[in-house]
Each structure stands twice: as C-alpha cells, then as structure tokens.
1. Would you order A:70, B:57 from fewest to most other beta-carbon atoms within 10 Å of each residue's own beta-carbon?
2. Please list the three semi-axes, largest first and in whole Å, of the ellipsoid equivalent to the range B:4-60, using sqrt of 5 times the eigenvalues of its alpha carbon gyration tensor.
3. Give me the inter-chain shielding for A:164-174: mean count of other chain Cβ atoms within 10 Å, whole number please.
4. Could you derive backbone 3J(HN,Hα) for the range A:14-20 from the dihedral phi with the Karplus parameters 6.51, -1.76 and 1.60 (θ = phi - 60°), listing whole Hz in sequence and x where the residue is Gly or Pro?
5. Which one of B:47, B:80, B:96 has the biggest mean-square fluctuation once chain B is modelled by GNM with Cα springs under 10 Å?
6. Between B:25, B:91, B:106, which gets the highest mean-square fluctuation from a Gaussian network model of chain B, Cα cutoff 10 Å?
7. What list of ³J(HN,Hα) values in whole Hz, one per residue of the range A:36-53 in order, does the Karplus curve 6.51 cos²θ - 1.76 cosθ + 1.60 (θ = phi - 60°) give from phi, with Gly and Pro shown as x?
8. Determine the distance separating the Cα centre of the range B:13-36 from the Cα centre of the range B:75-98; give it in Å without decimals.
Amino acid sequence: MRASGGDAGAFRHLVREHSGLVYRVALRILGPQYAQDASQEAWIRAWRNIENFRGDSAFSTWLYRITVNTCLSARRKESRRKEREYSGDELPFLPEPPGVDGDPEAAALNTQQREELLAALEHVRTEHRAALVLRHMEGLSYAEIARILDVPEGTAKGWVSRGRAAMLVAVTEQRYDDRETGERAT
Amino acid sequence: MMPADDRRWEILEKVGAYAAGELEGEEAREVERLMYERPDHRRLAESYARMLVMLDTLGNEPVKVPSAVVGYAVRRAYVSAFMRNAETFIGALGRSYLNALVYYLGLRRESYAEPT
C-alpha cells in the first residue's frame, strides 16, 4: 500500500519478494531469450500503474496480470508462430521414461526432458500457452486465470484445454522428430 | 456430421480434461467408457498424466532471477520517484518565487474584509 503511494523503498521490497513470480512466468511463456526483457518491462509497468492498485484482488493476481499482458504483447510483436496441428491417424503417445517406477529421484526432470517441454511450449499458441502455464505450472484456479487473462471463465477453460492438447501433440511429435534425426545421423 | 479431425481433437481435449481431474459425472463416465473400449484412449490418458506431472515438476523447479532484473526495476523506480519529487519541489519553488515577485511589484492588491 505504501508502494501505491509512490514510495520507491516499499516498491523495492515488492520487487525483491515477487521477482521470482514475474521472471518464472515470463520464462515459461516467452522462453529464456526474452524472459529478462519482459520481466523488466513488467516491473516498469507495475511501477507506473501501482497507484491504481486498490487491493480489491491479491497483489500477486494483479502482478500476474501485468506480467502475462506484457508477455502477450511482446509475442504479438513477433510473427505469429503456428500451433502444431494434430494431423495423424493415431492418438499421440508419450512413453513412460525408463526407471521412474517407485523412484522419487526419477521424478525430477532431466535436462533433455526439460528442454523438450520448453521447446514444445513454443508450439502452443501464446494465449493457450499462457493459460496452460497459469493452470498447470502455477497451479491457479480457473477463476483466477479468467481474472488474469481478462476473459470469461469458460474461455479460460477452453484455452487451457486447447493448450494441453496442443502441448501433448508437440511433445510427442518432437520426440518422433528427434528419433528420426537420431536414426538418420547413425 | 463432425469431420474426423474435429472429432479426434475433441477426444484429445476430453481425455486431457479427464487426466487433469476436471471431469465429473456423466462426462467422466463417458471418457472411462472410451478408455475401457479403446487401448489407444487409455494410452492417451496415461500420456496426459505423464505430461502433467512433468509440467508440474517444471513449474515447481526454482528459477534463478538474474540480478539485472531486480536492479533495473528498483533503479527505475528510484529515478522515477526522484524525478517526481524534484518536479513537485521545483514547481512549488517556482510558484513561491512568482508569488513573491507579484507581491514585490505590487501587481496584486491584497483585500481584507473590513470587520463590521
């Protein structure tokens, strides 16, 4: 509340406390290449608009909204990336990684899985990706996602559903592509 | 009649919602029926479950924020607050100086109400 009165010291505390949220969301939506610029831009927008924050919603919800909007407008500047189309006759299938059964250590992602996921996210349409990140990586409710994206709750559900499906298609097709490239190389 | 691609996409989304635990009642039973009848639908649900676990794991991984992000945001806020205060101060100083000048030159007649 002090920060909304223009107190830069109070704003500094907010930045230190919530910088993880802003950077994490920007990283998931835009990827590592653009996350830093988008985070900085989101904080500038937050400072400019903080006097409008009345405390009607949680500060984190307000900050999510600014961050996601910053990421979406950054993406709109680029050429629209095509969402992976589902064109196969077979349903996508993601095989179980080896050595997962009953091994809690194996629950952690290895570098390849992490890279696969991040690369697959790139093939999900930006709005769907934002909704997917908020739901399945940030663990927010549909009501919160709808408030952040400024859309009706039904639309938020639709975007998450569409993003989830596109993501699965992208992950499986990418594994298939990788396997083919590997086979061709050997 | 729904085109085959649309139907497949609808199944994809429906099984995804089931795997995410978002379906209830008749909708959930319909997907369970599909999974019982078709092994590829069951594999699809398992694939979704795996992917959602991976997304959740990735979402919970700590992220190191580059120090430049925090430094830049804080610096901008301080500079902006300083400029705002300086603007207010210079504005107030200018107004006081102008008032003093007007008073000195006798351009404004002070009027006091006479007590009755």
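1. Numbers: A:70 25, B:57 16.
Sorted ascending by nearby Cβ count, the order is B:57, A:70.
2. Square roots of five times the eigenvalues give 20, 13, 11 Å.
3. Average neighbour count from other chains, rounded to a whole number: 5.
4. Coupling constants for the range A:14-20: 4, 4, 5, 6, 10, 4, x Hz.
5. B:96
6. Greatest mean-square fluctuation among the candidates belongs to B:106.
7. Result, rounded to whole Hz: 5, 4, 5, 5, 4, 5, 4, 5, 5, 5, 4, 5, 5, 9, 5, 5, 7, 6.
8. Value for the Cα centre distance between the two parts: 61 Å.
Read-outs: derived from the displayed coordinates by stated rules, not from any lab. Remember, it's a predicted structure, so these values are computed and weren't measured experimentally. Here the Cβ is made from the backbone with ideal geometry for all residues, glycine too, and neighbour counts use every protein chain on show.
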